[in-house]
């Protein structure tokens, strides 16, 4: 990370320094000669004026001229030397800053006392601001490098922690609101870590639940085998008991496999057929209603007469059957289960209502998780996979499932299926 920091710093600083160097070169090449020419003309004009004043009014007038020039903020000292009779002024000096003038028959030499500045003296005042700009550019480059690299270091720390399996790492709070892009990236990493942690916990819970559900029928099979070994006369009864446990195991494994296939939404593992969903609902109600007669439970349907859609018949049948059978199981004896359907925004919404004890509000979402049942259930009659499969099946089709308590008592489960596909 230090190499990236110094690379970033070098690139930013070189860019700034290069810009400053180009501006300095342009200033030196194009502005300096012009300034020197102006200064030379200014000195020559001052010397010429002083010579004319000397010739007209004498040395004292030149001194007054120098004082007046100093009051304007310019100090151009002029040295005046008497060199003899006027005849000595016939020969002019070749130096542009020296001039001879005659007053009252006397020759005077006038010389600008200032010296021609050296290259360093001329360049240094102009270079100081640019050197200060270079130092400021270095400070700005260092600050920018730290400003951008610090969030990258935090992101690197978070990714390393995830790679080590530390799924509880969170880094968004360490970056704060420094940069919108890095803050968003850190937030996405935190969301990913939280999701991975949630999946890991769910996976561990799933392993625990599966092992628990498998252990019970296997234990009963072992018990039946033990009874047979001790009392072979009970062979017929034990075979029947073992057959039921095998069927229960087969049902559990089938439900787990279906749930696993539904969890992978990216791979279309189920085929679609165009069929009437309402026909499936009526078929399920007919079978479930026959089973509910033993407890005096009836099942009634009201709603649309037909809803043709491209769906997987097996998944839709299993989803609706699980919910309707759950309702029959948990509704009170002698009550009715109401199945209704309606079309909302070209989607079929199927609601199943019972007259049971309902579910605590805190558990309305949890009952859709695998191997989860409400705390109000007194006897475990299933594996806790029915509602989970129903929701996953609805989501696989592009719909959904939710549960809510009825104001008059009981539970209402709503399943949404997609609109019919054109063509």
| said: Anything in segment 158-173 that is assigned to a helix (DSSP H, G or I) and surrounded by 14 or more Cβ atoms within 10 Å (Cβ to Cβ)? List them, or say none. | reply: 158, 159, 161, 162, 172
| remark: Among residues of segment 256-282 being touching a helix residue (DSSP H, G or I) at 6+ places or on another chain (Cβ under 8 Å) and at pLDDT 80 or above, the residue surrounded by the fewest Cβ atoms within 10 Å (Cβ to Cβ) is 273
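Out of 131, 65, I need the residue that is under 30 Å from residue 22 (Cβ atoms), outside any loop (DSSP other than H, G, I, E, B) and modelled with pLDDT of 70 or more. Which one?
Step by step, each of 131, 65 is checked, and only 131 is under 30 Å from residue 22 (Cβ atoms), outside any loop (DSSP other than H, G, I, E, B) and modelled with pLDDT of 70 or more.
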| query | Quick one: residue 304 ticks every box in (1) at pLDDT 90 or above; (2) not in a loop (DSSP other than H, G, I, E, B) bar one, so which box is it? | reply | (2)
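Residues checked against (1) without any contact (Cβ under 8 Å) to a residue 60 or more places away in the chain; (2) touching a strand residue (DSSP E or B) at 6+ places or on another chain (Cβ under 6 Å); (3) not in a helix (DSSP H, G or I):
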{"position": "261", "(1), (2), (3)": "yes, no, no"}
{"position": "284", "(1), (2), (3)": "yes, no, no"}
{"position": "294", "(1), (2), (3)": "yes, no, no"}
{"position": "299", "(1), (2), (3)": "yes, yes, yes"}
{"position": "323", "(1), (2), (3)": "no, yes, no"}
{"position": "326", "(1), (2), (3)": "no, no, no"}
| query | How many of the residues making up segment 198-245 are within 30 Å of residue 174 (Cα to Cα) and at pLDDT 80 or above? | reply | 0
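The values are calculated or read from the model by the stated rules, or taken from the named source; none is laboratory data. What you see is a predicted model, and the numbers here were worked out from it, not measured in a lab. Don't worry about glycine lacking a Cβ; one is built from the backbone with ideal geometry, like all the others, and counts go over all protein chains shown.
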